[in-house]
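Reading through the structure tokens given below for one structure.
The values are calculated or read from the model by the stated rules, or taken from the named source; none is laboratory data. Computed from a predicted structure; not experimentally measured. Cβ placement follows ideal geometry from the backbone for every residue including glycine, while neighbour counts extend to all protein chains displayed. Each accessible area value is taken on the protein alone, full model and side chains, heavy atoms only, with ligands, DNA and RNA left out. Shrake-Rupley method; radii C 1.70, N 1.55, O 1.52, S 1.80 Å.
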Amino acid sequence: MLTLQKLTRASVGLTLPALCLLLLVFAIPIVQLFFNSINAPAFSLVNYLTFFVRPANVRVLIQTLEVSIAATVICALIGYPTAYLITAASKQVRTVLVILVLIPYLTSSLARTYAWVMILGDRGLINNLLLDLGVITSPLPLIYNRMAMYIGMVHIMLPIMILPLVSVMLGIDKSQVAAARSMGARPFSAFWRVFFPLSLPGLRSGALLVFILSLGFYITPAALGGLRDVMLSTFIAAEVQSSFNLGRIGAASFILLAIAMTVLAVLRLNPAGPQGNAASVRRNRFPAAGALARHLIELGTVGRARRWKTHLYRAGDATRVWRYPGITLVIFTLLFLLFPGVVVIIVSFSAGTQLEFPPSGFSLQWYRSFFADPSWNRAALSSFEIAISVTIISTILGTLAAYGLSRSTPMLRNVLTLILLAPITFPVIVVGIAAYLGLVSFGLVGSKTGIVLAHSIGAMSYVVAVVAATLTNFDTSLEQAAKSMRAGPFRTFMRVTLPLIRPGILGGAVFAFLHSFDEVVISLLVSGLSIRTLPLKMWENIRHEIDPTVAAVASLLMLLPVLWLVAMYFVWWRSRSRMQAASAPTLAAV
């Protein structure tokens, strides 16, 4: 027993480096921000009262909720049927469709926002096409309004809704639906009563992720929305740039954080553990609606009884009816996700002096402009240096933390996981302000070291999530077998555990690199005026001038996730080949 307790404590100790970094750069500063918001040590709620007394602030808050809810509903309405159809496809087709959804998810959100600027702008793709066809005589106001903001947000958030749904739907036993059909249930009844309740955990996770990320959206609303479409994150950023009143900034940040935490608590999202039985949650939460629905269902009992006898013991196949509408929906969803990237890539080869689609000619002039401009080169070099440093730090600390969590008790694991995942579950503008306050105390604002530390807390969360998921299916008897052969803990980890979880570590490292390389909001707050990363340089160009060089940069950023996916596939393929080669002699001996 004592040995077991020692091993448990030693494993939990592996989470300490990650917790220390999180404590210094994020946790202590956010507590400091909270005390500033309540005017400690006097302790008053004047900053919160001031926020709610001003009608403009309340309007911004309500507008933030409206936009976040609308974006979540739109993503759910498009994402659920798309995920359902993806899971219903054959294995080969499903793999291709998931990769096509994954590519825009891994692509820079700034590059995707820029793509919509090119499509919806006054001289963009749609207005140019309508002008050339003679449909309109002057450009339509397609950009800088609420609709453009919704289009950009849904385009960025839709993969985040689809991927959890696909993951959950793939785990549902389809024979249960077939059993319901064989008992006379109509296709919609079998779906609604059997499949849909089982898929609710995926829908809930996707909806909550989209809603919380939408609450903290800053770049897309600022680039595509109008002056009247200000969200709370934009309001906080404006306060930082204008007055830097920590009391008011803290109050607005914690109002935003309170909304996010309330939604998480009400809908019982626990990133560290399972979600329980979806059907029972749904049944208990709306008792009045359930009673009314049951009463209405009773009215059609006679007709359903007759139909039930007709279809009894016939599994049925409704896929033919929905095949063509389903294929059409999937094609339109993938076009919506991929077409903006294709437009940017084509325009980046334009030979003209302005952005135009289709291009009047093709040239590499904007790529030459990018590689010949020292300011772009410095920004790209800084981004690579920072992203590589962040990847190394977050991969080491995140892997140690995930390994320690996997060997700890369930209760301790849940608490520590929630703490370690906080930087990616809190609105990004709140994380950015907390990181700024943490770096100020160390004198690291405006330095590469400061940016690396600020990026590392979020990147580390991704590594913990990915590696912990890999360790969930790890067979611990392999470690016990190695230790029974007198291998020490370090040697067991290096020779047994590490090779088997290497694909998960690589996946976490890829997410960490992309998180850092694409980061704008936190970099904007902690970089000062001395350091410009590639996304910051792009953001300045998008806001102040429409330089076609940005299209070439966006195209290069869109190729980055493709290269990463190829690299991951190569590593997975080599790992599988080695395992097969290693197992072959064993099988032959048996």
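Quick check, is Gly341 assigned to a helix (DSSP H, G or I), under 26 Å from the mean Cα position of the chain (by Cα), at pLDDT 85 or above and of a type outside the set (Lys, Arg)?
Yes; evaluated as a whole, the condition is true for this residue.
Looking only at the range 484-493, which residues are surrounded by 14 or more Cβ atoms within 10 Å (Cβ to Cβ) and either over 29 Å from Tyr569 (Cα atoms) or in contact (Cβ under 8 Å) with a residue 60 or more places away in the chain (or both)?
Hits for the range 484-493 are Ala487, Pro489, Phe493.
If we only count helices (runs of 4 or more DSSP H) wholly inside the range 75-171, which ones have 3 or more residues that are open to solvent by 10 Å² or more (accessible area, probe 1.4 Å) and small (Gly, Ala, Ser)?
none
Looking only at the range 407-434, which residues are of a type outside the set (A, V, I, L, M, F, W, C) and open to solvent by 40 Å² or more (accessible area, probe 1.4 Å)?
Arg407, Thr409, Pro410, Arg413, Asn414, listed by residue number.
Taking the range 187-217 only, how many residues are over 14 Å from the mean Cα position of the chain (by Cα) and either free of Cβ contacts under 8 Å to residues at least 12 places away in the same chain or under 23 Å from Pro141 (Cβ atoms) (or both)?
Of the residues in the range 187-217, 4 are over 14 Å from the mean Cα position of the chain (by Cα) and either free of Cβ contacts under 8 Å to residues at least 12 places away in the same chain or under 23 Å from Pro141 (Cβ atoms) (or both).
Out of all the residues in the range 459-483, which are touching a helix residue (DSSP H, G or I) at 6+ places or on another chain (Cβ under 8 Å), surrounded by 11 or more Cβ atoms within 10 Å (Cβ to Cβ) and of a type in the set (Val, Ile, Thr)?
If the condition is that a residue be touching a helix residue (DSSP H, G or I) at 6+ places or on another chain (Cβ under 8 Å), surrounded by 11 or more Cβ atoms within 10 Å (Cβ to Cβ) and of a type in the set (Val, Ile, Thr), then Val463, Val464, Val466, Val467, Thr470 are the ones that fit.
Tell me which of these Val496 doesn't satisfy, since it passes every other one: (1) loosely packed, with under 13 Cβ neighbours inside 10 Å; (2) over 23 Å from Val117 (Cα atoms).
Among (1) loosely packed, with under 13 Cβ neighbours inside 10 Å; (2) over 23 Å from Val117 (Cα atoms), Val496 violates only (1).
Among the residues of the range 184-197, write down those that are surrounded by 14 or more Cβ atoms within 10 Å (Cβ to Cβ) and at pLDDT below 85.
Gly184, Ala185, Arg186, Pro187, Ser189, Ala190
Does Leu45 satisfy being under 30 Å from the mean Cα position of the chain (by Cα) and free of Cβ contacts under 8 Å to residues at least 40 places away in the same chain?
In short, no.
Quick test for you: out of Met147, Met153, pick the one residue that is within 28 Å of Val521 (Cα to Cα) and touching a Cys at 6+ places or on another chain (Cβ under 9 Å).
Met153
For the range 221-309, which helices (runs of 4 or more DSSP H) that fit wholly inside it have 1 or more residues that are open to solvent by 60 Å² or more (accessible area, probe 1.4 Å), modelled with pLDDT of 60 or more and of a type in the set (Asp, Glu)?
none
So, in the range 385-406, of the ones that are of a type outside the set (A, V, I, L, M, F, W, C) and over 19 Å from Ala469 (Cα atoms), which residue ends up least open to solvent (accessible area, probe 1.4 Å)?
Ser389
Which residues, counting only those in the range 350-380, are at pLDDT 85 or above, over 31 Å from the mean Cα position of the chain (by Cα) and of a type in the set (D, E, K, R)?
The answer is Arg368, Asp373.
Could you please tell me which pairs satisfy a Cβ distance under 7 Å, a separation of 6+ or placement on different chains, a first residue in the range 132-150 that is without any contact (Cβ under 8 Å) to a residue 24 or more places away in the chain, and a second residue that is part of a loop (DSSP other than H, G, I, E, B)?
Pairs found: Pro139/Asp122.
Going by what's in this entry, would Thr95 be described as within 30 Å of Gly398 (Cβ to Cβ) and within 28 Å of the chain's Cα centre (by Cα)?
The answer is yes for Thr95.
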